[in-house]
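Data block below; observations after.
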Amino acid sequence: MDLPTTLAWLVDEAGAAPGPDQFLALLGGRLVEDGVPLAGGALTLAVPHPIIAHRTWLWRAATGAVIEALGFAMPGLAGAAPAAATPGAAGRDWLAGLGPGPLHEDSIGPGPERPVLGWAVSRPLDPAEADRLRQAARFAAAPLAALAAQATLTALLEAYLGRRSAARVQAGAMRRDAGDSIRAVLLYADLRDFTALSEVTAPAAVIAALDSWFDRIAGAVHAFGGEVLKFIGDGVLAIFPVAGPPAAACDAALRAVVAARAGMAHLDAARQAQGLPPLPFGAAVHLGEMLWGNIGAADRLDFTAIGPAVNLVSRLEGLCRPLGRSVLISGAVAAETAMPLVPLGEHALRGIAAPCAVFTLPDA
């Protein structure tokens with residue numbers, strides 16, 4: 001069967017587009033080449049994500065650039081939209097500002113959360129041009145279903161595994177001997193006396209406290225370019241990969257700790273106003289090499305971090321209580337940063353052969 005070039009592309013090649021943004025740009029460009037007077041396009045997909053309800057990609061015909069808009073669904077989040085907000089609303093609002101022409105929009109496939117494909121045109125369409133857009137939407141159903149499935153898988157894996165592990169799983173790294181050696185600044189932090197608190201606190205309140213703690217520490221890590229690798233009980237292991245001189249990663253990790261302490265101070269004040277106990281925590285920062293890879297049974301795997309650097313940062317955090325400090329920093333980090341630190345001397349760490357030079361922040 002002979003098809004117009006755009007429809008043939010949708011049938012034969014569009015499903016291999018690297019992502020929804022490229023799909024939208026390629027489709028829009030092909031329609032412009034076919035003579036359709038497009039000013040821009042918008043593609044909206046529903047996303048199964050803890051805080052994101054919809055992702056919308058916005059394409060401008062004049063430049064070929066694609067940007068992304070997120071529709072948040074978490075109650076109380078600044079800028080959040082209700083989860084039930086009409087899909088495609090962000091795209092329609094953006095397209096309406098591209099020109100005086102009318103909007104053309106199609107919901108593609110069955111179901112309430114189906115993709116929405118919209119176009120802004122620079123002038124009214126004649127019947128043949130309008131039919132081309134309708135046919136493009138019809139033929140886009142199959143490749144968009146594949147792209148939506150891929151976006152769904154990526155969102156779920158990143159929510160539960162983190163970006164690094166999700167990318168490895170999607171790349172097929174599912175053997176027990178698969179791993180990466182990573183030079184990074186490691187941040188390990190956990191709550192103090194949380195086991196005792198959980199013994200006398202209702203389970204729902206325990207979960208709420210943990211969520212509040214993880215929001216502050218993970219939010220600070222992400223804000224300064226780090227990545228949370230694992231939640232371990234009430235603890236967090238995060239890394240700031242070293243891509244150049246180590247000083248940048250060291251400074252980012254230390255700033256994340258400062259931000260987390262500020263966030264927890266604000267949380268503790270709010271808890272005190274509610275008659276709830278504070279949530280003290282300890283944190284350690286170290287620079288070194290770690291192995292991030294698969295371990296587990298033949299049919300049940302987990303990504304984990306192992307190596308001397310992981311052992312050291314964990315043991316270093318265990319010194320917070322004996323030294324009466326909330327933040328401890330290894331000599332390896334202190335040697336790379338210009339931030340003011342307070343030396344605490346050398347200390348033996350359980351299971352670590354050589355003593356570790358230990359530092360802290362001036363007010364920690």
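The values are calculated or read from the model by the stated rules, or taken from the named source; none is laboratory data. The shown structure was predicted, so the numbers you read here are calculated from the model rather than taken from an experiment. Note that each Cβ is placed from the backbone with ideal geometry, even for glycine, and that neighbours are counted across all protein chains shown. The area values use the complete protein model at the heavy-atom level, side chains included, leaving out ligands, DNA and RNA. Shrake-Rupley method; radii C 1.70, N 1.55, O 1.52, S 1.80 Å.
So the values come out like this:
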{"quantity": "Verdict on residue 76 being among the small types (Gly, Ala, Ser), surrounded by fewer than 14 Cβ atoms within 10 Å (Cβ to Cβ) and either more than 22 Å from residue 141 (Cα to Cα) or at pLDDT 85 or above (or both)", "calculated": "yes"}
{"quantity": "Count - residues of region 346-364 that are part of a loop (DSSP other than H, G, I, E, B) and open to solvent by 30 Å² or more (accessible area, probe 1.4 Å)", "calculated": "9"}
{"quantity": "Looking only at region 150-197, and only at residues there that are at pLDDT 80 or above and in a loop (DSSP other than H, G, I, E, B), the one that is most open to solvent (accessible area, probe 1.4 Å)", "calculated": "193"}
{"quantity": "The listed residue being touching a Pro at 6+ places or on another chain (Cβ under 9 Å) and of a type in the set (A, V, I, L, M), out of 43, 3", "calculated": "43"}
{"quantity": "Any chance residue 204 is over 23 Å from residue 232 (Cβ atoms) and not aromatic (Phe, Trp, Tyr)", "calculated": "no"}
{"quantity": "Tabulated pairs, region 54-74, first in contact (Cβ under 8 Å) with a residue 24 or more places away in the chain and closer than 16 Å to residue 27 by Cβ, second part of a strand (DSSP E or B) and aromatic (Phe, Trp, Tyr), C-beta under 6 angstrom, 6+ apart or interchain", "calculated": "66/57; 66/59"}
{"quantity": "Condition check for residue 4: more than 28 Å from the chain's Cα centre (by Cα), modelled with pLDDT under 90 and open to solvent by 20 Å² or more (accessible area, probe 1.4 Å)", "calculated": "yes"}
{"quantity": "Filter result for residue 18 (outside any helix (DSSP H, G or I) and free of Cβ contacts under 8 Å to residues at least 24 places away in the same chain)", "calculated": "yes"}
{"quantity": "Residue 343 being without any contact (Cβ under 8 Å) to a residue 24 or more places away in the chain, outside any loop (DSSP other than H, G, I, E, B), more than 20 Å from residue 235 (Cα to Cα) and open to solvent by 30 Å² or more (accessible area, probe 1.4 Å)", "calculated": "yes"}
{"quantity": "Every pair of residues 6+ apart whose Cβ atoms lie under 6 Å, when the first sits in region 182-195 and is farther than 17 Å from residue 212 by Cα and touching a residue at least 60 places away in the same chain (Cβ under 8 Å) while the second is of a type in the set (A, V, I, L, M, F, W, C) and part of a loop (DSSP other than H, G, I, E, B)", "calculated": "183/242; 184/242"}
{"quantity": "Of all residues in region 203-236 being outside any helix (DSSP H, G or I) and of a type in the set (Asp, Glu), the one that is surrounded by the most Cβ atoms within 10 Å (Cβ to Cβ)", "calculated": "234"}
{"quantity": "Entirely in region 242-334, the strands (runs of 3 or more DSSP E) that have 2 or more residues that are loosely packed, with under 14 Cβ neighbours inside 10 Å", "calculated": "281-297, 300-306"}
{"quantity": "Residues within region 13-37 that are charged (D, E, K, R) and surrounded by 15 or more Cβ atoms within 10 Å (Cβ to Cβ), tallied", "calculated": "3"}
{"quantity": "Residue that is modelled with the lowest pLDDT [pool: residues in region 112-130 that are assigned to a loop (DSSP other than H, G, I, E, B) and open to solvent by 30 Å² or more (accessible area, probe 1.4 Å)]", "calculated": "112"}
{"quantity": "Condition check for residue 10: under 35 Å from the mean Cα position of the chain (by Cα), surrounded by 18 or more Cβ atoms within 10 Å (Cβ to Cβ) and modelled with pLDDT of 95 or more", "calculated": "no"}
{"quantity": "In region 27-45, the residues that are of a type in the set (D, E, K, R) and closer than 19 Å to residue 17 by Cα", "calculated": "30, 33"}
{"quantity": "Given (1) free of Cβ contacts under 8 Å to residues at least 60 places away in the same chain; (2) more than 36 Å from the chain's Cα centre (by Cα); (3) open to solvent by 30 Å² or more (accessible area, probe 1.4 Å), index of the condition residue 109 fails", "calculated": "(2)"}
